[in-house]
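Chemist: Below are the structure tokens for one structure; questions will follow.
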Amino acid sequence: MTAVAIPPTHPTLRPRPVSDVLTMLGRSLLRAVRYPALTVFLVVGPLVMLVLLVYVFGGAFGAGVAPGVTPGADGRAAYLAFIAPTLLVITVVGGATSVATSAAMDAAGGIMARFRTMAISSGSVLSGMVLGFLVQALVAVVLVLGAAFAMGYRPDAGPSDWLALVGLLVLLGLALNWLCVAMGLHARSVESASNLPMVLLLLPFLGSGFVPVDTMPGPVRWFAEHQPFTPVIDTARGLLAGGAGLDGATVVQAVAWCVVIGVAGYVWARSLYRRERRL
């Protein structure tokens with residue numbers, strides 16, 4: 001008996017965007033459970049930095065970030081309060097860099113090509129991946145924050161500050177994930193896909209993440225003040241401090257950078273995906 005092909009316009013094969021996104025989200029989370037190496041990396045990296053910076057360098061660095069603090073235990077406590085928000089942001093960045101590798105693996109392995117032949121929403125494949133890695137990054141953020149609490153970190157944030165912080169990290173995660181999905185699709189190989197987003201991990205070091213920008217020489221300070229992660233980190237730090245020292249202009253800059261990066265990444269990623277569909 002000859003099989004009869006069902007046309008793509010058949011009612012049972014019509015894409016269902018919300019359902020398709022949830023399906024792809026489930027796929028991304030299931031893969032995280034089956035292959036936990038990337039998720040473990042998201043947590044281990046910031047945790048190692050947290051322990052190293054606080055217990056090895058914190059006693060001395062703390063005196064530089066908080067005037068009047070003496071080196072030693074007080075310095076470590078001051079530096080922990082200074083870098084804890086930075087490491088939460090770096091954790092989100094780490095999740096974004098992982099999504100580039102995942103996107104490149106799916107493209108190189110032919111999985112995305114297979115999805116293109118199926119009657120699913122074209123945006124669901126990438127959206128599910130973005131949301132899946134966002135969930136993993138937020139779980140990692142909770143674990144890193146828990147470790148900071150265990151080391152003595154006591155933020156002054158109120159309920160509204162915590163809610164705003166979660167919103168900022170979600171917005172940052174979505175923006176960076178879309179950018180890194182595009183990088184992964186653009187990369188020629190899985191290896192290059194893992195290297196392209198490394199600049200995102202370097203930017204917090206060239207901003208206000210680990211030392212105040214006013215301690216930097218002129219050109220470096222100018223770059224630090226005008227790159228995306230400085231207002232994001234300063235906003236996170238201000239929210240965790242209960243709003244102390246946080247001004248509206250910094251918040252606007254942080255949100256604006258996230259929106260610009262997210263829109264650019266989304267447009268680039270969708271363009272690359274549609275171009276592949278026509279090949």
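A short reminder: the numbers here are calculations on the coordinates, not readings from a lab. Worth saying up front: this structure is predicted, and the values here are computed from it rather than measured. Counting neighbours? That spans all protein chains shown, and the Cβs are built from the backbone with ideal geometry, glycine included.
Chemist: Identify all residues within the range 131-151 that are aromatic (Phe, Trp, Tyr) and surrounded by fewer than 21 Cβ atoms within 10 Å (Cβ to Cβ); write none if there are none.
Modeler: Of everything in the range 131-151, just one residue is aromatic (Phe, Trp, Tyr) and surrounded by fewer than 21 Cβ atoms within 10 Å (Cβ to Cβ), namely 149.
Chemist: Condition first: of a type in the set (A, V, I, L, M, F, W, C), surrounded by fewer than 16 Cβ atoms within 10 Å (Cβ to Cβ) and touching a residue at least 24 places away in the same chain (Cβ under 8 Å). Now tell me which residues in the range 152-165 satisfy that. Spell out the reasoning first.
Modeler: Residues of the range 152-165 that are of a type in the set (A, V, I, L, M, F, W, C), as a first pass: 157, 162-165.
Cutting the leftovers down to surrounded by fewer than 16 Cβ atoms within 10 Å (Cβ to Cβ) gives us 162-163.
The one that is of a type in the set (A, V, I, L, M, F, W, C), surrounded by fewer than 16 Cβ atoms within 10 Å (Cβ to Cβ) and touching a residue at least 24 places away in the same chain (Cβ under 8 Å): 162.
Chemist: Still on this structure: Count, please, the residues in the range 235-275 that happen to be over 30 Å from residue 115 (Cβ atoms) and among the aromatic types (Phe, Trp, Tyr).
Modeler: Matching residues across the range 235-275 total 1.
Chemist: Restricting to the range 68-125, count the residues that are under 27 Å from residue 197 (Cα atoms) and aromatic (Phe, Trp, Tyr).
Modeler: 2
Chemist: Is it the case, given these coordinates, that residue 168 is in contact with a Ser or Thr (Cβ under 7 Å, 6 or more places away or on another chain) and part of a helix (DSSP H, G or I)? Explain how you work it out, then say what you get.
Modeler: Numbers: in contact with a Ser or Thr (Cβ under 7 Å, 6 or more places away or on another chain): yes; part of a helix (DSSP H, G or I): yes.
In short, yes.
Chemist: Looking at this structure, is residue 245 without any contact (Cβ under 8 Å) to a residue 60 or more places away in the chain and in a loop (DSSP other than H, G, I, E, B)? Talk me through it step by step, then tell me what you get.
Modeler: Working: without any contact (Cβ under 8 Å) to a residue 60 or more places away in the chain: yes; in a loop (DSSP other than H, G, I, E, B): yes.
Against the criterion (without any contact (Cβ under 8 Å) to a residue 60 or more places away in the chain and in a loop (DSSP other than H, G, I, E, B)), residue 245 qualifies.
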